[in-house]
1. Just a yes or no: is a residue in the stretch 471-479 touching a Phe, Trp or Tyr at 6+ places or on another chain (Cβ under 9 Å) and either surrounded by fewer than 16 Cβ atoms within 10 Å (Cβ to Cβ) or over 14 Å from Ile444 (Cβ atoms) (or both)?
2. Only one of Lys456, Lys486 is in contact (Cβ under 8 Å) with a residue 24 or more places away in the chain, over 19 Å from Pro21 (Cα atoms) and open to solvent by 60 Å² or more (accessible area, probe 1.4 Å). Can you tell me which?
3. For Lys187, which of the numbered conditions (1) more than 18 Å from Leu144 (Cα to Cα); (2) surrounded by fewer than 18 Cβ atoms within 10 Å (Cβ to Cβ); (3) touching a residue at least 12 places away in the same chain (Cβ under 8 Å) fails to hold?
4. Looking at (1) assigned by TED's automatic domain parsing to the domain that holds Ile75; (2) part of a loop (DSSP other than H, G, I, E, B), which one does Pro440 not meet, given that it meets all the others?
5. Which one is surrounded by the fewest Cβ atoms within 10 Å (Cβ to Cβ) among residues in the stretch 19-51 that are among the β-branched types (Val, Ile, Thr) and touching a His at 6+ places or on another chain (Cβ under 9 Å)?
6. Any idea which residue in the stretch 230-255 is most open to solvent (accessible area, probe 1.4 Å), counting only those that are in contact with a strand residue (DSSP E or B) (Cβ under 6 Å, 6 or more places away or on another chain) and farther than 20 Å from Cys198 by Cβ?
7. Does Arg176 satisfy being farther than 14 Å from Ala234 by Cα, free of Cβ contacts under 8 Å to residues at least 24 places away in the same chain and assigned by TED's automatic domain parsing to the domain that holds His129?
8. I'd like the full set of residues that are within 21 Å of Thr338 (Cβ to Cβ), part of a helix (DSSP H, G or I) and open to solvent by 40 Å² or more (accessible area, probe 1.4 Å), limited to the stretch 387-429.
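The values are calculated or read from the model by the stated rules, or taken from the named source; none is laboratory data. These numbers come from a predicted model, not from an experiment. Positions of Cβ are backbone-derived with ideal geometry, glycine not excepted, and every protein chain shown enters the neighbour counts. Ligands, DNA and RNA are excluded from the accessible area calculation, which covers all protein heavy atoms including side chains. Shrake-Rupley method; radii C 1.70, N 1.55, O 1.52, S 1.80 Å.
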Amino acid sequence: MRYLTLLLALMLSSQLFAQQPVLISVTEASDSPQISRHIYGHFTEHLGRCIYEGLYVGEENKIIPNTEGVRNDIIEALKELNIPNLRWPGGCFADTYHWKDGVGPKDERPTIVNRWWGGTTEDNSFGTHNFLNLCEVLGAEPYLSANVGSGTVQELIDWVQYTNHDGVSPMADWRRENGREAPWKVKYWGVGNETWGCGGNMTAEYYADIYRQYATFMPGWSGETEIYRIASGASEDDYHWTETLMKNVPYHLMEAVALHDYAVFDWSDKGPSVNFDDEIYFKSMEQALKMEEYVTKHIEIMDKYDPESKVALFVDEWGGWYDAEPEVKNGVLYQQNTIRDVMIAGTVLNTFNNHARRVKMANLAQMVNVLQAVILTDKEKMIKTPTYHVMHMYKVHQDAQLLPSKIEGNMEFRELPSISVSASRDKTGKVHISLVNIDPENEIPVELDVAGLDIKNIDGQILTSDKLQDHNSFDAPEKVTPKEFKGAKLKKGSISLTIPAHSLIVLQGK
Ligand code: AHR
């Protein structure tokens with residue numbers, strides 16, 4: 001009898017202290033926006049081993065199989081991601097780049113010194129044709145970032161004519177001479193990069209005027225090509241920059257404003273990419289989650305001047321940025337990629353999805369061997385990073401309709417919200433819910449109210465590993481890969497699951 005009472009008391013107390021689930025409602029709203037596939041865009045710069053010794057190994061390379069000099073294994077991996085767009089040639093490099101140096105016979109091209117990134121000398125062998133042909137092979141929209149800092153208006157409009165004009169014109173004729181008959185019809189054009197910094201150290205007021213001048217002379221050239229002119233936008237919380245652009249540039253001259261925000265907690269000591277401790281992990285996540293605040297506040301300003309959402313917000317550089325791995329030759333900004341990067345990518349992409357009304361493009365920095373890369377290479381070897389797998393799992397949101405979600409009673413990892421979520425319904429009717437638990441130690445029970453979504457079956461995938469520091473290496477390329485997740489139970493319009501510590505789950509409901 002005594003044992004029975006004790007057992008009852010124990011059962012009661014464990015029920016009393018059992019963690020209450022975090023409640024998340026996911027609803028259908030006819031007026032909710034489409035999540036632009038361009039939120040899943042990428043970025044490549046002439047920096048470290050991103051282009052040379054990364055993506056591009058040269059047309060003459062007989063050891064690494066390639067298409068016009070671009071590695072076939074990378075092309076295959078990128079096709080699996082459905083990459084929607086690719087930004088090039090920078091970054092800071094863009095405002096030193098003169099595109100005419102990179103077209104025509106390779107042996108006649110001048111060499112240049114990459115003053116921002118290691119002072120390396122390059123031979124301009126990767127140029128406009130390589131880049132735009134690669135985008136065609138990938139089925140991705142090219143996004144050219146034009147030189148405002150050290151270029152001219154004429155140089156930019158010549159580039160537009162070269163890539164987009166299908167009639168007779170000096171630049172279109174030159175393109176044909178260089179072996180390309182049909183124009184590529186490039187839609188996305190960046191007018192300078194970080195013009196508040198490496199792109200010219202301009203004030204917002206000065207740049208707004210310069211921008212108006214450049215944008216005025218950028219026609220579509222081929223009649224059908226709709227040009228998207230993208231103004232160099234703010235860094236992080238520089239709201240004055242956004243306010244000035246929105247106030248001073250008329251709608252008809254600007255299709256988007258591009259924000260930059262990296263998850264860096266201290267620019268003078270960014271910490272290691274793998275051997276970070278709990279404190280650094282916390283600070284990285286604190287910084288990554290600020291994306292929500294920045295995007296919300298920049299959008300508030302844009303809404304004030306542009307209530308009809310004519311001008312889009314692009315976040316054309318984002319990602320984690322740590323100290324470079326010292327042992328990699330020419331490894332400028334080369335860093336490894338761990339479960340911390342999974343947490344950053346998952347939470348930031350949820351933010352972009354949830355703000356899809358105004359956020360129409362984002363570009364992860366950078367695609368190969370630089371910063372939060374999806375691909376790392378070492379001579380003939382190539383690996384997919386944990387961030388690659390996040391982009392793969394999240395591609396289901398591309399062009400799907402956002403399903404608004406609301407979290408109640410979120411748990412906290414220190415003072416940060418532990419759980420992040422976004423959801424969408426794709427064109428075939430399937431529902432996808434992406435959930436991230438950033439808590440490094442605690443699993444969290446979650447109850448999803450999906451009563452209005454008519455879901456009959458649920459399955460999912462999970463991306464996690466034992467330790468936050470786990471990563472894929474050239475010796476163990478499959479250490480962090482998605483696994484089937486069978487822990488979600490659907491009952492009477494509600495899904496219950498427990499999200500393990502530091503893990504990311506994408507559920508699929510049919
Ligand atoms: O992505 C690396 C650099 O970060 C880019 O060149 C620049 O735009 C930003 O400061």
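1. Yes, the stretch 471-479 has at least one match.
2. Numbers: Lys486 fails: over 19 Å from Pro21 (Cα atoms).
Exactly one of Lys456, Lys486 is in contact (Cβ under 8 Å) with a residue 24 or more places away in the chain, over 19 Å from Pro21 (Cα atoms) and open to solvent by 60 Å² or more (accessible area, probe 1.4 Å), namely Lys456.
3. Among (1) more than 18 Å from Leu144 (Cα to Cα); (2) surrounded by fewer than 18 Cβ atoms within 10 Å (Cβ to Cβ); (3) touching a residue at least 12 places away in the same chain (Cβ under 8 Å), Lys187 violates only (1).
4. Against the list (1) assigned by TED's automatic domain parsing to the domain that holds Ile75; (2) part of a loop (DSSP other than H, G, I, E, B), Pro440 comes up short only on (1).
5. Pass one, the stretch 19-51, residues among the β-branched types (Val, Ile, Thr): 22, 24, 26-27, 35, 39, 44, 51.
Narrowing the set further to residues that are touching a His at 6+ places or on another chain (Cβ under 9 Å) leaves 35, 39.
On the way: Ile35: 30, Ile39: 26.
Looking at residues that are among the β-branched types (Val, Ile, Thr) and touching a His at 6+ places or on another chain (Cβ under 9 Å), I get Ile39.
6. Here the answer is Glu255.
7. So Arg176 passes the test.
8. His392, the sole residue that qualifies.
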